[in-house]
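Structure first, commentary second.
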Amino acid sequence: FIIYLYNYFRNRRIKATNKRLELTVIERTEEIICQKEEIEAQRNMANEQRDKIAEQKEQLERFNEALEEKVQQRTLELNRAKDKAEESDRLKSAFLSNMSHEIRTPLNAIIGFSDILLIDEIDSNEKQQYLELIKNNGRTLLNLLNDIIDISMIESGQLNICLEHINLHS
């Protein structure tokens, strides 16, 4: 009888322990399933974020390429403008050099013949010739200055040019 009671209580303890273990296993299984679902949700979220980052990276690369293309285009335009400005500067320097020479020539004639006229030993025919030379060189100088002013006005847009056909022979 004692063995029977011993076995009976032992079986009851084992059943109770099994019951507790089964409940623990069920609880743990539910916890693991919940954790697994959370991990899967986090994995999905991470995948979505990775895809979003990849899309943003591609978009950024496209923007970067477009920006680099614009920079190259602007650089080309700036280099062309720089070359044009340098050429314009060279042309203006050459123009000023030529104008300086063109202005000095009649001025030297005017000053030189004026100095000669100050000498009293010159007869009236020579004085008349020298006065004519001074007058002609003065007109030449005046025409040259007017031409320079006209060119300046054309460049600044203050003077309009009318294009029309002409007969060069007449």
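The values are calculated or read from the model by the stated rules, or taken from the named source; none is laboratory data. Predicted model, so just to flag it, every value in this text is computed and none were measured. Ideal geometry is used to build each Cβ from the backbone, glycine not excepted, and the neighbour counts take in all protein chains shown. Just the protein is used for accessible areas: all its heavy atoms, side chains included, with ligands, DNA and RNA removed. Shrake-Rupley method; radii C 1.70, N 1.55, O 1.52, S 1.80 Å.
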Boolean, Glu86 is assigned to a helix (DSSP H, G or I) and free of Cβ contacts under 8 Å to residues at least 24 places away in the same chain: yes
Residue within the stretch 11-34 that is without any contact (Cβ under 8 Å) to a residue 12 or more places away in the chain, open to solvent by less than 100 Å² (accessible area, probe 1.4 Å) and within 60 Å of the chain's Cα centre (by Cα) present: yes
Residue in the stretch 63-79 that is open to solvent by 80 Å² or more (accessible area, probe 1.4 Å), basic (Lys, Arg), at pLDDT 95 or above and out of contact with any helix residue (DSSP H, G or I) (no Cβ under 9 Å at 6 or more places or on another chain) present: yes
Residue match in the stretch 110-119 (condition: in contact with a helix residue (DSSP H, G or I) (Cβ under 6 Å, 6 or more places away or on another chain), within 18 Å of Asn136 (Cα to Cα) and modelled with pLDDT of 90 or more): yes
The one condition in (1) open to solvent by less than 90 Å² (accessible area, probe 1.4 Å); (2) outside any helix (DSSP H, G or I) that Ile161 fails to fulfil: (1)
